[in-house]
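S.K.: Sharing a structure here in structure tokens format.
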Amino acid sequence: MSGIEMDDFGALVERPDAGVRRDSQERWSGLVQPSGGLGKVAELADWLAAVQGQVVARPITRPRALVFAADHGVASLDVSARPAGSVAELVRAALDGTSPAAILARQYGAELRIVDMAVDCDPAELPAPVTAHRVRRGSGRLDIEDALSPEETEKAFRSGLALADEEADSGTDLVLLGDLSVGGTTAAGVLIAALCGTDASVVTGRGSGIDDLAWMRKCAAIRDGLRRARPVLGDQLALLGAVGGADFAAITGFLLQSAVRKLPVVLDGVVSAACALVAQRVAFRAPDWWVAGAGTGEAGQAKALDRVSLEPLLDRAVAVGGAAGSLLALPLLQAAAALSAGLGPSEEPQPVD
């Protein structure tokens, strides 16, 4: 389909340093009593130590919330509580600093970056840095046509690779992943059902807060998408082009290249979970470089995360998208790094009540 050799990622992605992780785990036994007293925070510190390659985790000083935005043609079937073609409004709110993710990013000291991959508006309506990677205006209706052409799919995927390199080269030490989309959870449902071998009803959630009639329309759209997805299951790029979209292709490329560059990533909702599932098919070690932020209550997200062996750090914390769920996990990771660095052999062990 393209000049991209997907098989190369399997060889390029290495696991985080298992020896460092073991040393970090052993280190806690001399620092905190009772054993395991710091629970999930210590586990996160072990993960940070492994991905950073040093036993005492470094503080997280340059986190970046990276949000991929796109409209999906399937939204014209009224499968979302938001009108089709309205992602531009969500992007403007994020840029204006009034979206939930923008507020959380400001609160926790993370820079917010919005990437327009396929927003259905005139590109002149948005800042040039936002639209620099745009592939097209909206996407095809995945239930009856490909979301992207092969050329568009490759362009979007390569944009994800380039963005991962940009973030790694700029010194970003943790990426909080997110998406802004209308119809995106429907595309995610198709990908998850196809890759997990389940029926549409198992992965069809309420997304933006739809009623029963919209849920039935969404379930029907996912079933139709599944019929189109199954013939290309063995070709991940073709699958992303058939039933994903420019944001899905870019996020998948970003996740893979971030793993190659040893850049840790926090996943957000069902869209990033679906992309993680595709990326795992390409490089089975890649999920070791990710953690999942917040559970959204979407069955599809739970199914995908279970398949990539990740458990959300926060349960049902937020489902508004835009990286809000991944940003809510940032204080936990910052605390883990601070405790790893702040507790040392010269200090008295701190009992936990």
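Just so you know, all these numbers are worked out from the coordinates, no wet-lab data involved. From a predicted model like this one, the values you see are computed outputs, not experimental measurements. Here the Cβ positions follow ideal geometry from the backbone for every residue, glycine too, while neighbour counts run over all protein chains shown.
S.K.: Of the candidates ALA45, ALA11, ALA279, which one comes out as most mobile in a Gaussian network treatment of the chain with C-alpha springs shorter than 10 Å?
M.R.: Maximum fluctuation in the GNM of the chain, among the listed residues, is at ALA11.
S.K.: Same structure, new question: What are the principal axis extents of the Cα atoms in the stretch 84-198, in Å, biggest first?
M.R.: 42, 29, 28
S.K.: Have a look at VAL119, VAL190, VAL130 and tell me which one the Gaussian network model of the chain (Cα, springs below 10 Å) gives the largest fluctuation.
M.R.: The residue that fluctuates most here is VAL130.
S.K.: Still on this model: Note down the Stokes-Einstein diffusion coefficient of the stretch 208-259 in µm²/s, whole number, using a Kirkwood radius over alpha carbon pairs, 25 °C, and 0.890 mPa s.
M.R.: Diffusion coefficient, whole number: 196 µm²/s.
S.K.: Still on this structure: Over all pairs of distinct alpha carbons, what does the Kirkwood formula give as the hydrodynamic radius of the stretch 42-107, in Å?
M.R.: In the stretch 42-107 this quantity evaluates to 15.1 Å.
S.K.: With a Förster radius of 41 Å, plug the Cβ-Cβ distance of ARG137 and ARG316 into 1/(1 + (r/R0)^6) and report the FRET value to the nearest 0.05.
M.R.: 0.75
S.K.: Take the Cα pairs of the stretch 1-145, get the Kirkwood Rh, then feed it into Stokes-Einstein at 37 °C and 0.692 mPa s and tell me D in µm²/s.
M.R.: For the chosen part, D equals 172 µm²/s.
S.K.: Can I ask one more? List the lysines whose Cα lies under 22 Å from the Cα of LYS218, skipping any in the same chain that are fewer than 8 positions away.
M.R.: Excluding near neighbours in sequence, the set is LYS303.
S.K.: When the Karplus curve 6.51 cos²θ - 1.76 cosθ + 1.60 is applied with θ = phi - 60°, which whole-Hz ³J(HN,Hα) does each residue of the stretch 122-138 get, with x for Gly and Pro?
M.R.: Taking θ as phi minus 60°, the curve returns 5, x, 5, 6, 10, x, 4, x, 6, 8, 4, 10, 4, 9, 6, 9, x Hz for the stretch 122-138.
S.K.: I would also like to ask the following. Stretched out fully, how many nm does the piece from ARG15 to SER86 gain, at 0.36 nm a residue minus the Cα gap?
M.R.: The span from ARG15 to SER86 would gain 21.6 nm if fully extended.
S.K.: Okay, next question. Pick from ARG228, ARG92, ARG141 the residue whose mean-square fluctuation is largest in a GNM of the chain, springs joining Cα atoms under 10 Å.
M.R.: Checking each option, the largest mean-square fluctuation is seen for ARG92.
S.K.: How far, in degrees from 0 to 90, does helix 150-170 lean away from the longest principal axis of the Cα atoms of the chain, to the nearest 10?
M.R.: The answer is roughly 20 degrees.
S.K.: Per 10 Å bin from zero, what fraction in whole % of the C-alpha pairs of the stretch 170-307 is there, up to the bin with the longest pair?
M.R.: P(r) for the stretch 170-307, in whole percents per bin: 13, 47, 32, 8, 1.
S.K.: Here is a follow-up. Would you mind listing how long the chain runs along its three principal axes, going by Cα atoms, in whole Å with the largest first?
M.R.: The Cα atoms of the chain stretch 64, 41, 39 Å along the principal axes, largest first.
S.K.: What nm value, rounded to one decimal, do you get for the distance between ASP165 and ILE103 when each label is placed 7 Å out toward the C-beta?
M.R.: Modelled inter-label distance: 3.9 nm.
S.K.: Under 25 Å Cα to Cα from LYS155, which lysines show up? Leave out anything in the same chain fewer than 8 places away.
M.R.: Within the straight-line limit of under 25 Å, LYS155 reaches these lysines: LYS262.
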